[in-house]
Every structure is written in C-alpha cells, then in structure tokens.
1. Test each condition in (1) in contact (Cβ under 8 Å) with a residue 40 or more places away in the chain; (2) under 28 Å from G38 (Cβ atoms); (3) surrounded by fewer than 17 Cβ atoms within 10 Å (Cβ to Cβ) for R168 and report the one that comes out false.
2. Of all residues in segment 84-143, which are among the charged types (D, E, K, R), exposed (fewer than 14 other Cβ atoms within 10 Å of the Cβ) and either part of a helix (DSSP H, G or I) or at pLDDT below 90 (or both)?
3. Kindly provide the set of residues from segment 72-83 that are of a type outside the set (V, I, T) and outside any loop (DSSP other than H, G, I, E, B), ordered by number.
4. All but one of (1) surrounded by 20 or more Cβ atoms within 10 Å (Cβ to Cβ); (2) in contact (Cβ under 8 Å) with a residue 40 or more places away in the chain; (3) more than 18 Å from the chain's Cα centre (by Cα) hold for T159, so report the exception by its number.
5. Of the residues G69, G32, which single one is modelled with pLDDT of 90 or more, part of a strand (DSSP E or B), surrounded by fewer than 16 Cβ atoms within 10 Å (Cβ to Cβ) and not basic (K, R)?
6. Residue pairs, Cβ under 6 Å, 6 or more apart or interchain, first in segment 103-126 and in contact (Cβ under 8 Å) with a residue 24 or more places away in the chain and farther than 15 Å from Q156 by Cα, second of a type outside the set (V, I, T) and part of a loop (DSSP other than H, G, I, E, B). List them.
7. Which residues, taken from segment 72-83, are surrounded by 14 or more Cβ atoms within 10 Å (Cβ to Cβ), in contact (Cβ under 8 Å) with a residue 40 or more places away in the chain and not aliphatic (A, V, I, L, M)?
8. Given the residues L173, L181, which is the only one that is outside any helix (DSSP H, G or I), touching a Gly at 6+ places or on another chain (Cβ under 8 Å) and modelled with pLDDT under 90?
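The values are calculated or read from the model by the stated rules, or taken from the named source; none is laboratory data. Because the structure is a prediction, the values reported are computed rather than measured. Because the Cβ atoms are built from the backbone with ideal geometry, glycine has one as well, and the counts that use them run over all protein chains shown.
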Amino acid sequence: MTVPATPPVLEASGLVRTYRGGDGQALRVLDGASLTVGAGEMVAVVGSSGSGKSTLLQLLGALDRPDAGSVRIAGTLTATASDEAVAALRNRSVGFVFQFHHLLKEFTALENVMMPLRIAGVPSTEARARAVALLERVGLGARQGHRPAELSGGEQQRTAVARALAMRPALLLADEPSGNLDHQNAERLHDLLAEVAREFGVAVVVVTHNASLAARASRVLTLEAGRLEAGGVAPAVLGGAG
C-alpha cells in the first residue's frame, strides 16, 4: 500500500513584488521567487542587504500580497481568499519572530505568551497551561512571572518564540531573529529554532545574515536578483536588514 505524500506546509510560486522608488521609478524586489517547505523542515534564506529578504517573508506570511505569483499556506491559497480569511489563516497557522521581540512591556512573560490564545478565545485555564509548557520548553519556566524589562535580550527573544508557537502554527517565520543578540544568546536561540522544527513538526523559514544559524537549516537558499537559488552561505555574522 502506497502512503500518500504529505502536502507541503508552504508553497510559494513565481512571486513578484515591485515598489516605486523616491524618483518614481519601479523597483522590482522579487522577480519570480519560488519556495516549498515541508513540516519539520527549516529553511534559511540568505542574501545581501536590500535583496528583498524581508519583503519575501512578508509575502510568505500573508502580511502583504504579491503583484504576481501565489502563496499557499497549510493548503489555503491566499490569493483567492478574502482579507478576513487571510487574517484568520495568519492568526491560526503562522507564527512570527522578528529581530526585536515586540513583547508587551506591561505584561509578564506568561501573559505575553497567553495573549494570542486569549485573543483567539481559548479559555484562560487552557491558555495558561499551554503558555507555561511553552515557557518551560524554551528554558524560561522560572522566569514566567517577569516582565520584559526584567529579562535578558536572549530571554526576551525566547519568550517571543514561545508566543509565536502558542497557537500551534504550521509555519514559523523568523526575520533576523538573532540580529540583536550577543554570541552566546544567539547560539542558544539558533539551537531552539532548529529544535522547534524537529520536535513540533513546524515548517520554519528564517531570514538571516548569521552563518551559524544558516548552518543549522535543512536547506540554505540565496535570494539574488529577485529569485531564490539553492545553496549559499550567510555573508557575515554581522547582521543587516534585508
């Protein structure tokens, strides 16, 4: 008996995105970029600053729509879905981790992780239990009652990872997640992201300038001239916006 292949979590095909520059001229940032990512796979996207890596991540996470091409997340084609349906898909199936953690400073680590669950209507008891378990998984079980200002940069970013996983997303997108961390905290975060892909079965796409993080990925793709090409090495451990 043949077991049917598991469909990919993320399918992006022929993505095109063009912006108008200050001089009014069209600037094509993406020019046919394509990408497929399966469950439990971690893909690193590298490239020079200004190559369009952050733009790509916005399209993959349905934060923006391409001028041409398509994105399918967990089986849903975003181009044919309403804005409301795309927002619901994004909230349910996509987790985001950015260079800056964007934690709510007036809330504790536990409350920050519980926030997306409570917004989604998950009962408080269940939301708390899930948040506690996630914070313990990222090594912050003893720090859950602390507010962001009382946490180190690495602890803040690991809290952000826990928050991104709270809704049990199929896809996790990370944009220069260790760009604001020292070497030791960056390495711990890199290990965590790789473990998240394996243990949670999440499809992970990470945009990075960090060679150490890229080395942990299942595949490394280079964004150049608006397209994604197989292979590549992060150009530097020193960050930079893409």
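1. Against the list (1) in contact (Cβ under 8 Å) with a residue 40 or more places away in the chain; (2) under 28 Å from G38 (Cβ atoms); (3) surrounded by fewer than 17 Cβ atoms within 10 Å (Cβ to Cβ), R168 comes up short only on (1).
2. Hits for segment 84-143 are E84, E126, E136.
3. Answer for segment 72-83, where residues must be of a type outside the set (V, I, T) and outside any loop (DSSP other than H, G, I, E, B): R72, L77, A79, D83.
4. (3)
5. Criteria check complete, one pass: G32.
6. Hits for this filter: P116/A166; P116/M167; L117/A166.
7. R72 - this is the single residue of segment 72-83 that is surrounded by 14 or more Cβ atoms within 10 Å (Cβ to Cβ), in contact (Cβ under 8 Å) with a residue 40 or more places away in the chain and not aliphatic (A, V, I, L, M).
8. L181
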